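Here is the structure we will look at, set down as structure tokens.
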Amino acid sequence: MKTVKTANGIKKIEDWNMNLVPIQLRTILQEHRATLVDKLMSGGLNAYIDYKFATRATVKQHDQIKAALSTLRDDGIDISLYGSIFAAVEKNEFTNLDNALFYAEIESTIKAALFQPRLFPETQLFFQ
């Protein structure tokens, strides 16, 4: 049996069939990421954006970021991003999840919503 320490506590993975480990781990990683996203959205998203990106989000950007984070929270895990965790769990009996990979994905999502190119800025009127 393998053990993974997450933001949600200690999770056990049955390893009698190594082909089932990635399936169980994927669920654990999704739950862990969802918890991190929920904590961020419920407790200081604006402060996090200000700290990480040295900018303040407009109300519209804030709504777009929350929508993007909600989508991320419910999405599946991309094995290419989290391959090192899969390898660590397969190799070790106990793995403590490091939040760095999760926050890199969260920050990428925020950055994409915060700095998306605007072809037609709201302040510019073309048809007067």
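Read the figures in this text as sums done on the coordinates, not as results from a lab. On a predicted model such as this, the values are computed, not experimentally measured, just so you know. No Cβ is skipped: glycine too gets one built from the backbone with ideal geometry, and neighbour counts run over all protein chains shown.
For the reader, a short list of remarks on this structure follows.
- Per-pair calculated FRET efficiency, R0 = 35 Å: residue 5 and residue 55 via Cβ, rounded to 0.05: 0.55
- With Cα atoms, 0 to 90° folded angle of helix 21-42 axis to the chain main axis: 40 degrees
- C-alpha long axis of helix 59-74 to longest principal axis of the chain, angle in °: 20 degrees
- Loop-resident sites, the range 6-106, for chymotrypsin sites (Phe, Trp or Tyr not before Pro), counting at most 16 other Cβ within 10 Å (DSSP): 16
- Helical contribution to [θ] at 222 nm, DSSP H n ≥ 4, -39,500 (n - 2.57), averaged over the chain, rounded to 500: -19000 deg cm²/dmol
- Near residue 79: Cβ cut-off under 15 Å, other residues only, Lys/Arg at +1 and Asp/Glu at -1. The net charge is -2.
- On Cα atoms only, tilt of 100-114 relative to the major axis of the chain in degrees: 20 degrees
- In the chain, the DSSP beta bridges split such that about 60 percent are antiparallel, to the nearest 5.
- With K and R counted +1 and D and E -1, the other residues having a Cβ less than 13 Å from that of residue 20 yield a net charge of 0.
- When only Cα pairs below 8 angstrom with a gap of at least 6 residues are kept, the range 2-114 shows a relative contact order of 35 percent.
- Label positions at residue 93 and residue 75, each projected 7 Å from the Cα along the C-beta direction, are separated by 3.6 nm.
- Stretch in the chain that is longest and holds no trypsin sites (Lys or Arg not before Pro) that DSSP places in a loop and that have at most 16 other beta carbons within 10 Å: 57-117
- Listed by chain and number, the lysines whose alpha-carbon sits under 29 Å from that of residue 66, ignoring those within fewer than 8 places in the same chain, are 5, 11, 39, 52, 111.
- Kirkwood-type radius of the chain, with distances r between different C-alpha atoms, in Å: 16.4 Å
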